[in-house]
Amino acid sequence: MSPHKTLVRLRHESLSLGGHKVLSDISLSIKSGEKVALVGPSGAGKTTLLNLLYRRVPELCALQPQAGGLVDLLSAYQNIFMGALERVGTLAALWNLVHPLAEHRREIEELARLLDIEEKLWSSVDRLSGGQRQRVAIGRALYRKRPVFLGDEPVSSVDPLQAEALLKAILERHETAVISLHNRRLALTHFDRVIVLANGAVRCDCASSELDSSALDRFYLEAGEDSSVIPGVPEHDAWAIGNG
């Protein structure tokens, strides 16, 4: 993929669901090589925007939905393997359910070590914690081996240190990424561009170097959400966690 090629361009896109406007007059483009953080208050339209981007270029994207989309009765290994279904034939996929294919097993075990779920690889995912399930979902997305990663709060269920390590792994393995985040500190330190959504509209689209925590807090306050007091989060950590 050529550097800086425009992958997706939205021009004055609006979307309503059930009579409620979810996205309003969205215009933006995503270029190859960009690492874009998507932040904004709850209900801002971040999930809808990610799904819209995915529908434009599904052949290029690994999408990690907020709910994970895992199959509970299958093992972590099998859920991660599902990322390769488009690359392998039907017979190979069915055989792998019973007898894991050697090449895929090696690659998935390596991913499991990276994600610190090696000991859970053969457990059904309904027995895993929320953070472990999220890491399985990340593994499946990584195993799709696509150039673009679209993630809807992909590290929200793990502690801050794990979140940072997992985010780095995601960004290192994808040429382009658009990721919605709770943690606005991560948005400012690991991404070159930040898009702020509020009430279904783009309130800011600029280089992360042009923003700081106070600027992001103002967008939340303007949208009617107090980012300084979040239930269950110490006040000194509240701005970094956010409520996306």
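The values are calculated or read from the model by the stated rules, or taken from the named source; none is laboratory data. Here the structure is a predicted model, which means the values were calculated and not measured. Every residue, glycine as well, gets a Cβ built from its backbone with ideal geometry; the counts of neighbours run over all protein chains shown.
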Whether any residue in segment 133-155 is in contact with a Ser or Thr (Cβ under 6 Å, 6 or more places away or on another chain) and hydroxyl-bearing (Ser, Thr, Tyr) is what I want to check.
no
Could you grab me the full set of residues in segment 145-174 that are among the small types (Gly, Ala, Ser) and either buried (at least 20 other Cβ atoms within 10 Å of the Cβ) or closer than 18 Å to residue 82 by Cα (or both)?
151, 163
Just checking, which of 62, 37, 44 is in contact with a strand residue (DSSP E or B) (Cβ under 6 Å, 6 or more places away or on another chain), surrounded by 14 or more Cβ atoms within 10 Å (Cβ to Cβ), assigned to a loop (DSSP other than H, G, I, E, B) and in contact (Cβ under 8 Å) with a residue 40 or more places away in the chain?
44
State whether the residues of segment 204-223 include one that is of a type outside the set (Val, Ile, Thr), at pLDDT below 85, out of contact with any Ser or Thr (no Cβ under 7 Å at 6 or more places or on another chain) and outside any helix (DSSP H, G or I).
yes
Answer with yes or no whether residue 197 is crowded, with 17+ Cβ neighbours inside 10 Å, aliphatic (A, V, I, L, M), more than 22 Å from residue 113 (Cβ to Cβ) and out of contact with any Asp or Glu (no Cβ under 8 Å at 6 or more places or on another chain).
yes
Pairs where the first residue, in segment 211-224, is without any contact (Cβ under 8 Å) to a residue 60 or more places away in the chain and the second is hydrophobic (A, V, I, L, M, F, W, C) and surrounded by 15 or more Cβ atoms within 10 Å (Cβ to Cβ), C-beta under 6 Å, 6+ apart
211/194; 213/239; 217/239
Odd one out for residue 72 among (1) surrounded by fewer than 17 Cβ atoms within 10 Å (Cβ to Cβ); (2) of a type outside the set (Val, Ile, Thr); (3) at pLDDT 95 or above
(3)
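Do we have residue 180 as at pLDDT 90 or above and over 20 Å from the mean Cα position of the chain (by Cα) here? Step through it out loud before you land on a result.
Values: at pLDDT 90 or above: yes; over 20 Å from the mean Cα position of the chain (by Cα): no.
In short, no.
From the set of residues in segment 94-106 that are surrounded by fewer than 16 Cβ atoms within 10 Å (Cβ to Cβ) and touching a residue at least 12 places away in the same chain (Cβ under 8 Å), which is nearest to residue 158 (Cα to Cα)? Can you show your working first?
Within segment 94-106, the first condition is being surrounded by fewer than 16 Cβ atoms within 10 Å (Cβ to Cβ), and the residues that meet it are 94-95, 97-99, 102-103, 105-106.
Remaining after also requiring touching a residue at least 12 places away in the same chain (Cβ under 8 Å): 97, 105.
Values: 97: 29, 105: 25 Å.
Here the residue is 105.
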Please determine whether any residue of segment 168-184 is farther than 23 Å from residue 116 by Cα and assigned to a helix (DSSP H, G or I).
yes
Condition first: over 24 Å from residue 168 (Cα atoms), among the charged types (D, E, K, R) and part of a loop (DSSP other than H, G, I, E, B). Can you find one or more residues in segment 112-133 that meet it?
no
Filtered residues of segment 82-93 (kept if surrounded by fewer than 15 Cβ atoms within 10 Å (Cβ to Cβ) and in a helix (DSSP H, G or I)):
90, 91, 92
From 223, 207, 201, residue being over 23 Å from residue 67 (Cβ atoms), in contact with a Lys or Arg (Cβ under 7 Å, 6 or more places away or on another chain) and of a type in the set (A, V, I, L, M, F, W, C)
207
Against the definition (modelled with pLDDT of 95 or more and either farther than 30 Å from residue 4 by Cβ or out of contact with any strand residue (DSSP E or B) (no Cβ under 8 Å at 6 or more places or on another chain) (or both)), how does residue 112 come out, yes or no?
yes
Scanning segment 110-144 for residues that are charged (D, E, K, R) and touching a residue at least 60 places away in the same chain (Cβ under 8 Å), which turns out surrounded by the most Cβ atoms within 10 Å (Cβ to Cβ)?
140
